[in-house]
Each structure stands twice: as structure tokens, then as C-alpha cells.
Amino acid sequence: MADDEKFYTVEVDIRGCSSCGKELGYTVVGPDGVEECAVYNDRDVAEEIADLMNNAYELGRRSAA
């Protein structure tokens, strides 16, 4: 992204995963402060998803201009 502004960020999710029982995970939070529904066990995976979402957000903004 040209200005390196991050609209989607990764935050620690302390609620845990009901499927695997892990107590800590990572979630992607959007520009409106709402968490994506998925919780990731690996921060790198969550960062990759956030990067993809930031790229898509920026492309959408550019196409609307």
C-alpha cells in the first residue's frame, strides 16, 4: 500500500477456540472495529489475511476515486 495505512489489523483474541480448546488466538479487526469471524492459531496466517484485506480495501478506494 502506498501510504502504509493499515485498515485491517491483527489483535489477540483471548476468548479461545471452542473447537480446538486453545486459549489464545488472533483475529483480524476491520476499519469499523468489528472482528472478522475467524480466529487463527497462527499470527502469521492472521497477518497474511489482514494484508490481503488491506490490499483489497485500498484497491476499492482507488477504483472509487
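Here are some notes:
- One residue stands out among those in segment 26-41 that are touching a strand residue (DSSP E or B) at 6+ places or on another chain (Cβ under 8 Å) and either open to solvent by 70 Å² or more (accessible area, probe 1.4 Å) or in a strand (DSSP E or B) (or both): the one that is farthest from Thr9 (Cα to Cα), which is Asn41.
- Residue check for Gly60: more than 12 Å from the chain's Cα centre (by Cα), assigned to a helix (DSSP H, G or I) and exposed (fewer than 13 other Cβ atoms within 10 Å of the Cβ): yes
- Residue pairs whose Cβ atoms lie under 8 Å apart, sitting 6 or more positions apart in sequence or on different chains, and linking a residue in segment 1-18 that is closer than 15 Å to Glu35 by Cα and polar (S, T, N, Q) to a partner that is modelled with pLDDT of 80 or more and outside any loop (DSSP other than H, G, I, E, B), are Thr9/Val28; Thr9/Val29; Thr9/Ala50.
The values are calculated or read from the model by the stated rules, or taken from the named source; none is laboratory data. Since the model is a prediction, treat every value here as computed from it, not as a measurement. Heads up, the Cβs are rebuilt from the backbone with ideal geometry, glycines too, and the neighbour counts pull from every protein chain shown. To get the accessible areas, we keep the full protein, side chains included, count just its heavy atoms, and leave off ligands, DNA and RNA. Shrake-Rupley method; radii C 1.70, N 1.55, O 1.52, S 1.80 Å.
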